[in-house]
Amino acid sequence: MPGGCNLGARPIDQHIKAFEALGAKVEVAQGKITAKAKKLVGTSIYMDIVSVGATINAMLAAVLAEGTTTIDNAAKEPHIVDVANFLNTMGADIRGAGTDVIKINGVKKLDGNATYSVVPDQIEAGTFMLAAVASKGSILIKNCIPEHLDCITAKILEIGGTVEDLGDSIRVSMNKRPNKATVKTLPYPGFPTDLQPQMGVVLSIADGTSTLHESIWESRFQYTFELNKMGAKITAQGKSAVFEGVKDLTGAPVYATDLRAGAALLIAGIIAEGETQLYNIQHIDRGYENIEQKFRSLGANIERVTEPDEK
């Protein structure tokens, strides 16, 4: 079965719906999902909810299907556009990626000789942007696409930071305590759920009371229990959390419950007084490459260690 971070229910009904609409027979049995088809035929697919994974899977399945496929209520994230551009480089015929409606004209085959440069990761860039805000520092992030970061930029400006668009790089600076804010996660181009925990660290030290509303995942606030160990004052219930800003966090042993929670707690440890031990860092490694070296290059005192009982 497919999985990922434990953020609550992760239904795959939209994926299965897309495959079946194209002519596949899908069975779920013995802990496995089996999809079979002698051939796939283009059709109209309506996504009941906006789903990045289901939109990508529907595109992948439709590329070699006979005829034309239309995906309505499609996700619009930059990596949706990136997958479409990549497939088009290989000979696919996909139009409308980045809008609500994607149209795919099936082709006979794809060419494996294509060369493609993957789009920069806006979530990693956003993580470092919010780290700069939390630490009251300044950071220049190179090789990013500022347009993909507009929703993060808007919130950073709202809480008192400065953001400079330099074309293929972006500079973020903060020289005071952040202002309070209200943040709600939404599908792109809204504020990303994958930056919600990192923003939570910023709001935990903001001046005043802030609220965070999570509209994507039902269990995204697990990290708040760990932040409270560090002196934060957060009350989380359901899909909302209230942050009573404190002036400082203090070091403590904390546990990463998922990928972005791990990144948030790493930022919290960097800005906290004293030493923080962050466990379960395998979650972080799923989404960031050499993250401790990058933060060390920015001046953080951070070291990856192996516990004596670990192999």
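With θ set to phi - 60°, apply the Karplus curve 6.51 cos²θ - 1.76 cosθ + 1.60 along the range 186-192 and write out the HN-Hα couplings as whole Hz, x wherever there is a Gly or Pro.
8, x, 3, x, x, 5, x
What is the gain in length, in nm to one decimal, between ASN179 and ARG286 on full extension, counting 0.36 nm per residue of separation less the C-alpha to C-alpha distance?
Details: separation 107, 0.36 × 107 = 38.52 nm, distance 3.16 nm.
Gain on stretching ASN179 to ARG286: 35.4 nm.
How large is the dipole of the chain about the Cα centre if only Lys and Arg carry +1 and Asp and Glu carry -1, each at its Cβ, rounded to the nearest 20 debye?
I would put it at about 440 debye.
Rounded to whole Å, give me the distance from the Cα center of the range 256-305 to that of the range 71-135.
A separation of 28 Å, based on Cα centres.
Report, to two decimal places, the Cα Rg of the range 13-105 normalised by 2.2 N^0.38 Å (N = number of residues).
Computed over Cα atoms of the range 13-105, the ratio equals 1.02.
Using a Förster distance of 45 Å, how high is the FRET efficiency between LYS136 and ASP111, based on the Cβ-Cβ distance and rounded to 0.05?
It comes out at approximately 0.35.
Quick one: if you stick a label point 7 Å off each Cα along the C-beta vector at LYS294 and GLU27, how many nm between them?
4.4 nm
How much mean residue ellipticity at 222 nm does the chain get from its helices, if each DSSP H run of length 4 or more adds -39500 (n - 2.57) and you divide by all residues, to the nearest 500 deg cm²/dmol?
After summing the helix terms and dividing by the residues of the chain, the value is -8500 deg cm²/dmol.
Roughly speaking, what is the stretch gain from ILE145 to GLU66, that is 0.36 nm per residue apart minus the C-alpha to C-alpha distance, in nm to one decimal? Let's see the in-between values first.
Numbers: separation 79, 0.36 × 79 = 28.44 nm, distance 3.53 nm.
Length difference between fully extended and current span is 24.9 nm.
Taking the Cα of THR34, stepping 7 Å toward and past its beta carbon, and measuring to each backbone N in the range 60-77: which are under 18 Å?
The answer is none.
Considering only DSSP states other than H, G, I, E and B, which GluC sites (Glu not before Pro) in the range 212-311 qualify as loop sites with at most 13 other Cβ atoms within 10 Å?
Within the range 212-311, the qualifying GluC sites (Glu not before Pro) (loop, at most 13 other Cβ atoms within 10 Å) are GLU218, GLU275, GLU289, GLU303, GLU310.
Relative to the longest principal axis of the chain, what angle (0 to 90°, nearest 10) does the C-alpha long axis of helix 52-62 take?
20 degrees
Just subtract the alpha-carbon distance of ASN301 and ASP93 from 0.36 nm times their residue separation and send over the number in nm, one decimal. The partial results should precede the final answer.
On the way: separation 208, 0.36 × 208 = 74.88 nm, distance 4.90 nm.
Separation in residues times 0.36 nm, less the Cα-Cα distance, equals 70.0 nm.
I need to check one value: relative contact order of the chain, counting alpha carbon pairs closer than 8 Å and at least 6 residues apart, in percent.
Answer for the chain is 11 percent.
What are the semi-axes of the equivalent ellipsoid for the range 114-260, taken as the square roots of 5 times the Cα gyration tensor eigenvalues, largest first, in whole Å? Intermediate values should be presented prior to the final figure.
Values: eigenvalues 126, 64, 39 Å².
So the three semi-axes of the range 114-260 are 25, 18, 14 Å.
Each residue of the range 299-305 in turn: what ³J(HN,Hα) in whole Hz from Karplus with 6.51, -1.76, 1.60 and θ = phi - 60°, glycine and Pro shown as x?
Taking θ as phi minus 60°, the curve returns x, 6, 9, 9, 9, 8, 10 Hz for the range 299-305.
If you wrap the chain's Cα atoms in a convex hull and average its projection over all directions, what's the area in nm²? Walk me through the numbers before you get to the answer.
Numbers: hull surface 71.0 nm².
Hull-based average projected area comes out at 17.7 nm².
Give the lysines whose C-alpha is closer than 24 Å to that of LYS76, dropping any in the same chain fewer than 8 places away, or say none.
Counting by Cα, and skipping residues close in sequence, LYS76 has these lysines nearby: LYS17, LYS103, LYS142, LYS155, LYS184, LYS239.
Calculate the FRET efficiency for TYR46 and SER219 from the Cβ-Cβ distance with a Förster distance of 30 Å, rounded to the nearest 0.05.
Working: r = 27 Å, r/R0 = 0.92.
The calculated FRET efficiency here is 0.65.
Bear in mind these aren't lab numbers, they're just calculated from the coordinates by the rules spelled out. Predicted model only: the values in this text are computed from it and were never measured. We place every Cβ from the backbone using ideal geometry, glycine too, and count neighbours over all the protein chains shown.
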